[in-house]
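Below: the structure, in structure tokens.
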Amino acid sequence: MNIYAKLTFLCLFLVVITSSIIFVFTNIEVKQAYREELLVNISKQAQSTISNIEQFIFSRVNDVNMATKNPYFRISDISEEELTSRLQELENLNDLYYSFSYFDLDRNRIADSKGLSLGKQHSNSNYWIDLENSNGSVMDISVSESIGRPVMHFASYVTDYVTEEKNGVLVGRILVDELISIMGDISLSNDTSRMLEVNLLDKSGKILYTNNKNLVALNSQFPNYDLVKNLAGSRVNFLETKDQLFFAAKQQSYLNYTGNDWTLCISVDKGLAFSPLGKIQNDLLIVILSVLGLSIILALVAANLFVRPIVKLSKNAEEIGKGNLNVDIEIKSNDEVGKLAKQLGNSAQVLLNKLEEQQKTTAQLENQKNEIENQKHQLEQVNNQVSDSILYAKRIQASILPDLASISKVVNDAFVIYKPKDVVSGDFYWFERIRQGRNEYLVIVCADCTGHGVPGAIMSIMGSNQLTNIIYYQNYLDPNKILARMDKQIKMELQQRDADAYRRDGMEIGVCVINLDDLKMEFSGAGIPLHIVRKGELTTYRSPKLMIGGIDGDEREASNMLNKEEIQLRDGDRLYLSSDGFQDQFGGEHDKKFMVKNLKNLIVETANEPLAKQEQMLTEAFEKWKGDANQTDDVVLMGIEI
């Protein structure tokens, strides 16, 4: 057997063995990874869904509980017509509710927002029994006697305004179908063709909600309840049977709401769950076979390449024999062929020393050239990556800024001048329409974070997220408390302590909270003032020169260091909040700052114009002042007409 055949068989053997080992171990890892991903995915969906249900129920219980505090319901001699009108107002305030009813203590329906079953006595259903044993609000899922459909009942006692004695019961109803919007599409890895079976069960195993067409909500017992009733605990628990996978999540207490001891059970047939695995394995096999085929071809090529040096050596020996000393012998192996090549090379080496030195010099220059080209290419790649990252950061930051159209629905008009110094900005604005009880508020925020560019943008995203959390989810509406809580949260997020005087990252900020019912406004700020133009006159409400995220002391001490202004707004008032970027811009004939005095004068001079025209005039004034100079800082200027 010649050397070509030996080399060919050796290469083929190594390729086949290596490919087989890779396939076996990769297949095992793929199975394990897919299984773990599947379990984590469904567990997360189960945890998220039960949490959404709890938050939904907690919010609705609070809705009804807050409604019972309304003085109209607490007046004992209120008429049936007035009650009906107030119930209809409740229904119109929140389109989640199908209807509201008012009962006396004997369960007689006195009034209903839809005029259903008036004067009839309600049966002593579960939520009436629970209400008698509770001092607060209760809820229950059952078939409504008035509309004949499964609904969620939310009930709470109404006490007399004077005597505080119970004089009635307020009941709100939401169709069980609304749970669909809370749960969403629960599927395997976002594949809507492989939907999971979802069942919401009470503590006895009765089905409150199901997407299984063979089961009936409020009329069927969950057939596998004995399997899952002991699974649900403080987290999502998993059970695997021969044919199915079960995931159970227990309803936990949410804030001060103790829950109804419900269980969310998500199940899936194992054949359906692991059906994509077969395709993955087939794809893996195709890849391995393709690699194997390519490797075999390369092995044959490599064997051929091993034989070629012998042929080349023969030709080189022939050329050297003719006196051609420029023959390049490239064979450097240690076998017999390599030794023979070395001997031939040594024979010509003495005569070619100078030629090799020249070749080395040329090679070094070529290497240096290649190195420079590589460095240039690497710098271009780094520059492109940085540019792409900043542009992507700009899109992310733009997504957190609220749509101006949303504030225009509750005020007469509004504008925002938003000019980042670089691609992304350390300034941001934030506004939100908040409902608290029966009152509605408009919260308007303008903030200037330390730094600009990417560092400032990171701080602005943190600030926007903290505002959403504090105002929307923690229900803070006092501007002093909002800023004090933000100071605490930012120091905690950035791990800043009072002793770290050299680390004071944070933001200057102004917060306006407007009661949309009576136009009473509270303003508090740190470093950002509020300007109000009323009938052509400008009034400025200053704020202390503090940095949110850098105030010494705890939350209470920070709140005491802030000033809160209470202002009664009128129709036509114009409110202006601005970072220092506009007033600090260098420009003009003598390259000086624009100054806050000139900004105030410009606002007053353009205050009689429509806001859209005023925005245009302010922008043109800024660009004219800046001229060809670089922008000094990020700019945000908000104008709101009440």
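The values are calculated or read from the model by the stated rules, or taken from the named source; none is laboratory data. Since the structure is predicted, the reported quantities are computational estimates derived from the model, not experimental observations. All Cβ positions, glycine included, derive from the backbone under ideal geometry; neighbour counts span all protein chains shown. To get the accessible areas, we keep the full protein, side chains included, count just its heavy atoms, and leave off ligands, DNA and RNA. Shrake-Rupley method; radii C 1.70, N 1.55, O 1.52, S 1.80 Å.
Write down Rg/Rh for the range 77-176, rounded to two decimals, with Rg from the C-alpha atoms and Rh from the Kirkwood relation over Cα pairs.
0.93
With a sphere of radius 15 Å drawn around the Cβ of Asp95, what net charge do the other residues whose Cβ falls strictly inside it have (Lys, Arg +1; Asp, Glu -1)? Write out the running numbers ahead of the final one.
Details: positive: Arg60, Lys114, Arg173, Arg435; negative: Asp63, Glu89, Glu91, Asp177, Glu178.
With Lys, Arg at +1 and Asp, Glu at -1, the net is -1.
Using each residue's phi in the range 271-285, evaluate 6.51 cos²θ - 1.76 cosθ + 1.60 at θ = phi - 60° and report the 3J(HN,Hα) Karplus result to the nearest Hz, with x for Gly and Pro.
After applying 6.51 cos²θ - 1.76 cosθ + 1.60, I find x, 5, 4, 9, 4, x, 4, x, 5, 4, 5, 5, 4, 4, 5 Hz.
Specify the angular offset, from 0 to 90 degrees and rounded to the nearest 10, of the alpha carbon long axis of helix 336-349 from the longest principal axis of the alpha carbons in the chain.
Approximately 70 degrees, to the nearest 10.
Using the Cβ atoms and a cut-off under 11 Å, what net charge is assigned to the surroundings of Ala46, where Lys and Arg are +1 and Asp and Glu are -1?
Net local charge, Ala46 excluded: +3.
Take peptides 195-201, 13-19 and line them up by average Cβ neighbours within 10 Å, highest first, as a rough protection proxy.
Ranking the peptides 195-201, 13-19 by packing returns 195-201, 13-19.
Rolling a 1.4 Å sphere over the protein heavy atoms, what is the accessible area per residue of the range 44-117, to the nearest Å²?
Details: 3360 Å² over 74 residues.
Accessible surface, normalised per residue, equals 45 Å².
List the residues, sorted by chain then number, that are 5 or more residues from Val158 or on another chain and whose placed amide H is less than 5 Å from its amide H.
Placed amide hydrogens put Asn167, Gly168, Val169, Leu170 under 5 Å from Val158.
Using modelled backbone amide H atoms (1.01 Å from N, in-plane), which distant-in-sequence or interchain residues come within less than 5 Å of Lys229's amide H?
Placed amide hydrogens put nothing under 5 Å from Lys229.
Candidates (1) 238; (2) 277; (3) 156; which is the computed volume of the Cα convex hull per residue in Å³?
(2)
Hey, any idea what % of the chain's accessible area is carbon plus sulfur with a 1.4 Å probe?
51 percent
What's the angle, to the nearest 10 degrees (0 to 90), between helix 596-605's Cα axis and the longest principal axis of the chain?
That helix lies at roughly 60 degrees to the long axis.
Taking the alpha carbon gyration tensor of the range 386-499, what are the square roots of 5 times its eigenvalues, largest first, to the nearest whole Å?
On the way: eigenvalues 123, 86, 23 Å².
After diagonalising the Cα gyration tensor, the semi-axes are 25, 21, 11 Å.
Please list the non-local residues whose amide H lies under 5 Å from the amide H of Leu477, H modeled 1.01 Å from N, same-chain partners needing a gap of 5 or more.
Here nothing satisfies the definition.
Quickly rank 472-483, 363-374 as a protection proxy: mean count of other C-beta atoms within 10 Å, highest first.
Highest-to-lowest ranking by the protection proxy: 472-483, 363-374.
Assigning unit charges at the beta carbon (Lys, Arg +1; Asp, Glu -1) and nothing else, what dipole magnitude in debye, to the nearest 20, does the range 580-642 show about its Cα centre?
Here the size comes out at about 200 debye.
Taking the dipole about the Cα centre of the chain, with the C-beta of Lys and Arg at +1 and of Asp and Glu at -1, give me whichever of Ser43, Met638, Gly426 is farthest to the positive side.
Result: Ser43, furthest along the dipole toward the positive end.
Name the residue farthest towards the positive end of the dipole of the range 359-441 from the options Asn384, Asn439, Val416, assuming +1 on Cβ of Lys and Arg, -1 on Cβ of Asp and Glu, about the Cα centre.
Asn439
If Lys and Arg each add +1 and Asp and Glu each add -1, what is the summed charge of the other residues whose beta carbon sits under 13 Å from the beta carbon of Gly172?
-3
So what is the accessible area of the range 422-559 per residue, in Å², with the probe set to 1.4 Å?
On the way: 5860 Å² over 138 residues.
Accessible area per residue, the range 422-559: 42 Å².
Roughly how big is the range 408-536's charge dipole about its Cα centre, with Cβ charges of +1 (Lys, Arg) and -1 (Asp, Glu), in debye to the nearest 20?
160 debye
In debye, nearest 20: dipole of the chain around its Cα centre with unit charges on the Cβ of K, R (+) and D, E (-)?
Dipole of the chain, to the nearest 20 debye: 2040 debye.
What residue among Thr539, Thr468, Tyr576 has its Cα farthest toward the positive end of the dipole of the range 464-606, where the charges are +1 on Lys, Arg and -1 on Asp, Glu, each on the Cβ?
Going by the Cα projections, it comes out as Thr539.
Treating the angle as unsigned and between 0 and 90°, give the value, to the nearest 10°, between the Cα long axis of helix 453-467 and the longest Cα principal axis of the chain.
Once rounded, the angle reads 30 degrees.
Find, among the chymotrypsin sites (Phe, Trp or Tyr not before Pro) in the range 497-584, those assigned to loop by DSSP (not H, G, I, E, B) with at most 13 other beta-carbon atoms within 10 angstrom.
Loop-located and lightly packed - Tyr502.
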